[in-house]
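Quick notes on the structure that follows.
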Amino acid sequence: MGVPIANSVHLDSPFRAVSMRYELPLTSMIGLGLISLSSALILANQDQNEKRFCLLAYLFQYIGAIFLLIRIFSFQILFIIFLTGLMGAAIIGTDQIDFRAPIQKKYFISFPLFRVLLSILIWGLILSIEPRIALWIPIPDSILFVSLWMISIGIVKVSLDNDYFSMMLGLLNLFFGFQLVYILLEESSLVFGFLTAINLLITLLGAFILLKPDSEQEEQEFLESEENS
C-alpha cells in the first residue's frame, strides 16, 4: 500500500534547473525560503547559551517542508510530518531551553561572519551541482535542492560544533534531508512510517545524551558537598 499522494508535478526533462528557477509555484518558493533561512540560522548560531532561535528554526524547517510537499502528499501525511517536527522540537528543547529568560541583545550582533559566508557558499555550490544530481534522482528540483542543502548543513554543523545540542540539530538536519528524498523515491506507507520512527528515535536518543552530562555534573556536585560536610 503506497503513501497517499495528491496530484504531483515531476520535472524529468533535461531543463530541470531552468524549471526550478522560473516555474516554481508559490508554495515551493515559500518552503524553499523557509528551509534555506532556518538552516542557515542553525549553522550560523554558535552561542551555546541561546538555543531558542535554533529550536524555532528547526520547527520552521518542517513547516517549510510542508509547503514543499503540499502539492504532492495528502493532508494526513503532511500532518504527520509536522507532528514529527513539533514533537522533536519539544523533546530536545524541554530540558535544554529556558523560554522565560530574556533575549540577549548581543545575540543579534555576534553572528560569526565565517559561518554566514560558509552558508552562502554552500547554497551556491548546491545550486550549481543540483542539475547534475537531478539526472540521477527523479524528484522535483526544489525538494532535491532542499534535501542536499539540509544534508550539507547537517554535516558542517556536526563538524564545526562540539556541544551536544548543536551536534544533535546537525544530525537531525542530515537525516531529515535524506528522509525527504527517500519518501519520494519509495512511495510506501511502511517506509514512511519507518523513517518517521527513526527520526523520533534519534530525537529521543539525543535528549537522553543531552540530559546525561547534567546528571553527571549534579552527581559530582553532590559528592563534593558530601566530602565538604
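The values are calculated or read from the model by the stated rules, or taken from the named source; none is laboratory data. All of these numbers come straight from a predicted model, not from anything done at the bench. Reconstructed Cβ throughout: ideal geometry from the backbone, glycine too, with neighbour counts over all protein chains shown.
Yes/no matrix, rows are residues, columns are (1) surrounded by fewer than 21 Cβ atoms within 10 Å (Cβ to Cβ); (2) charged (D, E, K, R); (3) touching a strand residue (DSSP E or B) at 6+ places or on another chain (Cβ under 7 Å):
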| position | (1), (2), (3) |
| --- | --- |
| 51 | yes, yes, no |
| 56 | yes, no, no |
| 71 | yes, yes, no |
| 75 | yes, no, no |
| 79 | yes, no, no |
| 82 | yes, no, no |
| 85 | no, no, no |
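Taking the criterion of being outside any helix (DSSP H, G or I), at pLDDT below 80, closer than 13 Å to residue 142 by Cβ and of a type outside the set (D, E, K, R), would at least one residue in region 48-60 satisfy it? No, there is no match, as no residue in region 48-60 is outside any helix (DSSP H, G or I), at pLDDT below 80, closer than 13 Å to residue 142 by Cβ and of a type outside the set (D, E, K, R).
Out of contact with any Gly (no Cβ under 8 Å at 6 or more places or on another chain) and closer than 21 Å to residue 57 by Cβ: is that true of residue 197 in this structure? The answer is no for residue 197. When each of 165, 176 is tested for being among the aromatic types (Phe, Trp, Tyr), at pLDDT below 90 and within 25 Å of residue 37 (Cβ to Cβ), the lone residue that passes is 165. If you check residue 125 against the conditions, is it surrounded by 15 or more Cβ atoms within 10 Å (Cβ to Cβ), modelled with pLDDT of 85 or more and under 23 Å from residue 184 (Cβ atoms)? So residue 125 fails the test. In region 185-196, what residues are within 13 Å of residue 83 (Cβ to Cβ) and loosely packed, with under 14 Cβ neighbours inside 10 Å? If the condition is that a residue be within 13 Å of residue 83 (Cβ to Cβ) and loosely packed, with under 14 Cβ neighbours inside 10 Å, then 193 is the only one that fits.
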